[in-house]
Each structure stands twice: as C-alpha cells, then as structure tokens.
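The next block holds one structure in the form of structure tokens; read it before the comments.
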Amino acid sequence: MIKTLKYQSQSVATYYFVAALLLFVGQIVFGLAMGLQYIIGDFLFPAIPFNVARMVHTNLLIVWLLFGFMGSAYYLVPEEAETELYSPKLALVLFWVFLVAGALTVLGYLMVPYAKLAELTGNDLLNTMGREFLEQPLPTKVGIVVVALGFLFNITMTLLKGRKTSISLVLHLGLWGLAIMFLFSFVNPHNLVRDKMYWWFVVHLWVEGVWELILGALLAFVLIKTTGVDREVIDKWLYVIIAFALMTGILGTGHHFYFIGLPGYWQWIGSIFSAMEPIPFFMMTVFAFNMVQRRRREHPNQAAVLWAVGTSVMGFLGAGLWGFIHTLSAVNFYTHGTQITAAHGHLAFYGAYVLVVITMISYAMPTLRGRVANSARAQSVEMWSFWIMTISMGVMVLALTGAGILQVWLQRMAANPASFMATQDQLNFFYWTRLGGGVGFLLGLVTYLLSFFIGGEEPVVASGGGDARAVPAQRA
C-alpha cells in the first residue's frame with residue numbers, strides 16, 4: 001500500500017462517499033417499488049403507500065447527493081488550498097449527525113402517518129411540511145441548517161488559510177448558495193402563489209442554479225487531475241460556463257411561473273431564458289471533450305475519465321435537450337405535470353448530478369484506499385457499470401417520454417379528452433418498459449459497487465505535466 005493522499009484530513013471524505021452510495025441503493029430500491037405501484041396499484045399497500053415511497057425516493061436522492069457534494073468538498077478543498085482541513089473532527093461529527101437525522105426521518109416517513117408525524121415534530125409551531133422534496137419535519141430541517149453551517153464553516157476556514165483557486169472559489173460559491181436557498185424551505189405563506197414561488201426558489205435555484213456551480217467545479221477538478229491540461233485553460237472554460245449557467249438559470253426560474261398566478265410577462269422571460277439553459281451544458285460537453293483531446297498524459301484512472309465525459313454528455317441531454325423540448329410556455333401548457341416532466345427530471349438528475357458525484361468518487365476513492373488507481377480489471381467492471389446504468393436510464397427516459405406524449409394526446413389534446421385514470425390505463429406498456437430500465441439500472445449500480453472489491457495490479461502511470469502528477473505504479 002502506498003501513500004496517495006497529499007493531506008491526511010482528506011480521508012474524512014471516505015465516510016461521506018460510502019454513505020452516499022448506500023443511500024443511492026436505497027433510493028433506487030424505492031424507485032422500483034414506485035414503478036411497480038404504477039402498474040400494480042395495491043403493491044405494498046398499506047405498508048408503504050405510493051406517497052410514502054415517493055417521499056423516501058426523492059428525499060434519499062437529495063440526501064445522498066448532498067453527502068456526495070460534502071465528501072467531494074472535503075477531498076477537493078484541502079488539495080486545492082494546499083493545506084489540511086480546518087477540523088477533521090468537526091467533519092466526522094457532522095457526518096454522523098446528518099446520517100442519523102436522515103435515517104430517523106426516513107423511519108418516520110415509513111412508520112408514522114405523515115399527518116401524525118407533522119403533529120409530533122412541531123409543524124404547528126412553524127408550518128414547513130407537505131411540499132414535494134421539502135417534506136422533512138421541522139427538526140430535520142433545522143438539523144440540515146446546523147450541519148450545513150458547520151460544514152461551510154469548516155470549508156471556509158480551510159479555504160481562508162490556504163491557496164485560493166478558481167475551482168475552490170466556484171465550489172465555495174455553489175455550496176453557500178445551496179445553503180442560503182434552502183432557507184426558503186422555512187417560508188410557507190398561506191397565499192398559494194407566493195408559496196409556489198418560494199418553493200421554486202429552493203428547487204429550481206438548486207438544480208438549475210447553484211448546483212451547476214458545484215457541478216462545474218467538480219468536473220474541472222477531475223479533468224485537471226486526469227488530463228494534465230494547464231489550469232489556466234480549464235479556469236477560463238469554468239468561468240464562461242458558470243456565467244452562462246447563472247444568467248440562464250436564475251431568470252429561467254420563470255418557466256415554473258407560467259401558470260401559478262404570476263404576471264404574464266414571466267411566460268416570455270421564462271421561455272427565452274429557459275431556451276438558453278442548454279447552452280452552458282453544451283459548453284460543458286465541448287469543454288470535457290476538448291480537455292480530454294488536449295490531454296498531456298494518459299492518467300491510469302481511465303474509469304474516472306469516462307464518468308467525467310459521460311457527465312457532460314448526459315447532462316446536456318437530460319438538463320439541456322430534454323428540458324428544452326417542453327420549456328416554452330406554448331408547449332408547457334400541454335406537457336406540464338405529465339410523464340414528459342418525469343423523463344426530463346430523471347435524465348437531468350442522472351446526467352448532471354449523479355454522474356458528477358460518481359466521477360468524483362471514481363477519482364478519489366482509489367487514492368483514499370492507498371492506490372493511485374484501481375486495477376485494469378476493476379476499472380473494466382466499473383466502465384461496464386457506467387454503460388449498464390446509462391443505457392438503462394436511456395430506456396427509462398424514452399419510455400417516460402413515450403408515455404408523456406401519449407398522455408398529452410389522450411388527456412389534453414384529443415377532441416374528447418380521456419380522464420386521468422383512463423389515460424393511465426393506456427400507458428401500461430411504457431410503465432413496464434420503464435420498470436425494466438429501472439431493474440437494469442439497479443444491476444448497473446450493483447456492478448459499480450462490486451468493482452470496489454476487485455483487486456489486481458495497478459496500471460502503470462505515464463509521465464506528464466500539469467496537475468496530473470506522475471507516480472510510480474505499485475501493487476495495491
């Protein structure tokens with residue numbers, strides 16, 4: 001075993017990465033349960049009703065991605081700042097607080113009726129529950145804020161005492177934005193229009209705003225390490241990408257304001273700037289391919305390079321292309337809330353955020369385990385997992401897109417529109433196909449986890465320049 005970490009405090013990232021992957025498995029399991037409930041309405045009822053399975057599925061998605069972002073920051077920031085983490089002990093304490101709070105919240109969803117859970121957790125003191133993605137009880141929301149403040153304090157103090165780079169500053173801005181936007185989850189006005197507007201301040205300005213800064217920073221970091229391209233070149237790309245992401249993402253929030261009671265000018269603002277939102281993702285695709293093409297060395301961790309390139313391509317398809325097809329107000333009038341929305345949501349989250357977290361884990365975990373890179377055999381299995389998950393997600397998304405198109409025609413455009421339930425009966429073929437894609441995705445995820453347990457000799461590290469330093473290959 002060889003020493004591969006520049007700073008020992010980076011090792012705290014291991015806890016966050018392991019927790020993220022385990023919660024990811026849980027998310028997919030509950031997703032499959034929901035897929036079956038679409039087809040077999042009383043599956044698992046009354047033990048796990050659909051609304052509970054949906055809450056757990058979406059909440060696990062958010063929590064495991066947050067674990068991934070935090071672990072990535074704990075790995076990246078010390079290396080970028082060229083100093084040890086300010087407080088590794090604080091990072092570990094916050095890890096256990098976040099994990100226990102998340103586990104208790106999920107158990108609460110599963111074991112206590114939601115209305116009773118709201119009563120038991122003080123929702124009458126500050127009414128914050130009942131909104132999609134933000135169903136967490138008040139104590140959990142407060143705990144998230146405490147964990148976020150402790151995490152940001154730790155990261156900020158590390159950054160202040162060390163080197164400042166474009167990557168760490170962009171990541172820092174994204175993480176602070178993530179925490180600040182979450183504060184709107186505590187605002188739940190009685191006016192339904194204002195309520196939905198503040199809700200989108202959290203949901204949209206996370207996934208189409210500050211999270212894109214985190215995405216850009218993590219992708220830039222991995223590409224610097226694996227390609228050896230000069231940092232100045234990657235920094236210029238990063239600045240342009242995040243500028244376009246914020247410009248289009250902030251005003252692009254308007255595509256959620258079309259039909260909730262806000263002024264009509266939002267239909268123009270939302271349509272124009274939402275139509276521009278694919279631009280930063282297309283730039284990210286060009287950026288990734290350009291950096292790989294200009295690489296100054298062959299990094300031994302080729303699996304991480306595949307995940308990085310996959311992030312840019314699938315992010316463009318999911319967040320860019322599939323978002324664009326129904327973002328114009330004239331189109332969204334018919335497609336809003338249909339399975340087309342679900343298709344976009346699944347592919348966008350997978351392409352932009354799931355893949356970038358796995359990219360970071362793929363690059364960092366070998367070094368956290370004392371290796372320069374995993375063996376060629378382990379990387380081969382890991383690459384297979386990428387293709388299995390990506391193709392399976394493609395099957396799911398195409399099935400949901402087909403279901404959405406038929407749903408729009410039957411329910412919203414036909415001369416004699418069918419009822420919601422009558423329409424759903426016509427979509428069973430697509431739902432079975434979607435379920436098959438979900439099973440394939442779980443198999444791909446299990447394949448990825450199995451790659452961690454495959455040994456063998458590390459690949460030889462080629463010499464080269466840039467930040468991707470050459471290290472002698474040794475047996476793991």
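Laboratory data are not the source of any read-out in this text; all were calculated from the coordinates shown. Worth saying up front: this structure is predicted, and the values here are computed from it rather than measured. Positions of Cβ are generated from backbone atoms using ideal geometry, with glycine treated the same way; all protein chains shown enter the neighbour counts.
Pairs exceeding a 29 Å alpha-carbon distance, out of Lys6/Lys236; Lys89/Lys141; Lys164/Lys196; Lys89/Lys225: Lys164/Lys196. Take the alpha carbon gyration tensor of the range 189-230, find the square roots of its eigenvalues, order them as a ≥ b ≥ c, and report rounded if a/c is under 1.5; if not, report prolate when a/b exceeds b/c, else oblate. It is prolate, given that a/c is not under 1.5 and a/b is the larger ratio. Does a label point 7 Å from the Cα of Leu44, set along Cα-to-beta-carbon, have any residues of the range 418-447 with amide nitrogen under 14 Å, and which are they? From the range 418-447, the list is 439. Counting only aspartates and glutamates at least 8 places from Lys161 when in the same chain, those with an alpha carbon closer than 12 Å to its own are Glu80, Glu82, Glu84.
What whole-number volume per residue, in cubic angstrom, does the convex hull of the C-alpha atoms of the range 1-85 give?
So the per-residue Cα hull volume is 102 Å³.
How many percent of the alpha carbon pairs in the chain exceed a separation of 35 Å? Above the 35 Å cut-off, the chain has 30 percent of its Cα pairs. Straight-line reach from Lys116: taking Cα to Cα under 17 Å and skipping same-chain neighbours fewer than 8 places apart, the aspartates and glutamates in range are Asp124, Glu135.
With a cut-off of 15 Å between beta carbons, the residues surrounding Val357 carry a summed charge of -2, where Lys and Arg count +1 and Asp and Glu -1. Spatially, the range 1-72 and the range 352-386 are offset by 18 Å when compared through their Cα centroids. Counted by Cβ distance under 15 Å from Ser419, the other residues give a net charge of 0, where Lys and Arg count +1 and Asp and Glu count -1.
Could you compute the net charge surrounding Leu110? Neighbours are other residues with a C-beta less than 14 Å from the C-beta of Leu110; K and R count +1, D and E count -1. Walk me through the numbers on the way to the answer.
Values: positive: Arg54, Lys116; negative: Glu135.
Summing Lys and Arg as +1 and Asp and Glu as -1 gives +1.
Oblate is the label for the range 353-404, because the ratio a/c of its alpha-carbon gyration tensor axes (a ≥ b ≥ c) is 1.5 or higher and a/b is not greater than b/c. Mean silhouette area of the range 281-424, derived from the convex hull of its C-alpha atoms and averaged over all directions, reads 10.3 nm².
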